[in-house]
Amino acid sequence: MKTKLHYASRIRRGSLLIEVSVALGLTTMLALILMRASLLAISGNQWSTMQTLTDAYLSRETALANRLPFVEVAGEGSAWPAPAGNATAVNEQTVTLGKLPGGRGVSAILKRFRTWEADGESSVALAVWRLHSVLIYRIGEDEYTKSRSTLRVQ
């Protein structure tokens, strides 16, 4: 009789080890699912933050294009260079858009150029330039482009 009880208690001890292992496995799976959900929530937040930063920077570009006197826009040292013959001259620079939560800086490439928009058939002599600002930035491995253009007439 003693031997039957001895085997029964061993079986119970072994089943306890299996139950604890299964519970630990389920807890680990739950932790991984929750971690994945929090990472997905953070990535969506990063997308919104990047859209806000890029829109704010391009709004600044539009305000600058409207605010500058026409002489500076059409001059030789303009931030929006004039086309050279048939080729478009581009002013390219790396700019800082802002900082993400955690203090990591966000940079992008800003390209500026201008195009002549007036047609030669007009009886009124107008100087018409379209000022283009193109912002190229990265989110993770993907590259995105946003642009704004402003029409200046004199």
Exercise. Relative to the longest principal axis of the chain, what angle (0 to 90°, nearest 10) does the C-alpha long axis of helix 2-67 take?
Worked result: 10 degrees
Exercise. Which GluC sites (Glu not before Pro) from the stretch 38-106 combine a DSSP loop assignment with at most 16 other Cβ atoms within 10 Å?
Worked result: Glu76
Seminar exercise, completed: Over the chain, the sum of -39500 (n - 2.57) across DSSP H runs of at least four, divided by residue number and rounded to 500 deg cm²/dmol, gives at 222 nm -17000 deg cm²/dmol
Problem set entry | Cα-centred dipole magnitude for the chain, charges only on beta-carbon of K, R (+1) and D, E (-1), debye, nearest 20 | 1560 debye
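Could you order peptides 126-134, 46-54, 28-36 by the average number of other Cβ atoms within 10 Å of their residues, highest first? Intermediate results must be reported in sequence, preceding the final value.
On the way: 126-134: 17.7, 46-54: 14.9, 28-36: 10.0.
Taking the mean over residues of other Cβ atoms within 10 Å, the ranking is 126-134, 46-54, 28-36.
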For this session: Take the solvent-accessible surface of the protein heavy atoms, probe 1.4 Å, and return the percent of it on the stretch 15-153 that carbon and sulfur atoms account for.
Result: 59 percent
Problem set entry | Test item: Cα-centred dipole of the stretch 91-154, Lys/Arg +1 and Asp/Glu -1 on Cβ, debye | 360 debye
For this session: Choose one of Val124, Ala37, Leu17: the residue whose Cα lies farthest towards the positive end of the charge dipole of the chain (beta-carbon charges +1 Lys, Arg; -1 Asp, Glu; about the Cα centre).
Result: Leu17
For this session: For the chain, build the charge dipole from Cβ charges (+1 Lys, Arg; -1 Asp, Glu) around the Cα centre, then report which of Ala84, Val153, Ile139 sits farthest towards its positive end.
Result: Ile139
Seminar exercise, completed: Heavy-atom accessible area per residue of the stretch 33-86, all protein chains kept, 1.4 Å probe, expressed in Å², is 64 Å²
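The values are calculated or read from the model by the stated rules, or taken from the named source; none is laboratory data. Keep in mind that what you see is a predicted model, and the values were worked out from it rather than measured. All Cβ positions, glycine included, derive from the backbone under ideal geometry; neighbour counts span all protein chains shown. When the accessible area is computed, the model is the full protein with side chains, heavy atoms only, and any ligands, DNA or RNA have been set aside. Shrake-Rupley method; radii C 1.70, N 1.55, O 1.52, S 1.80 Å.
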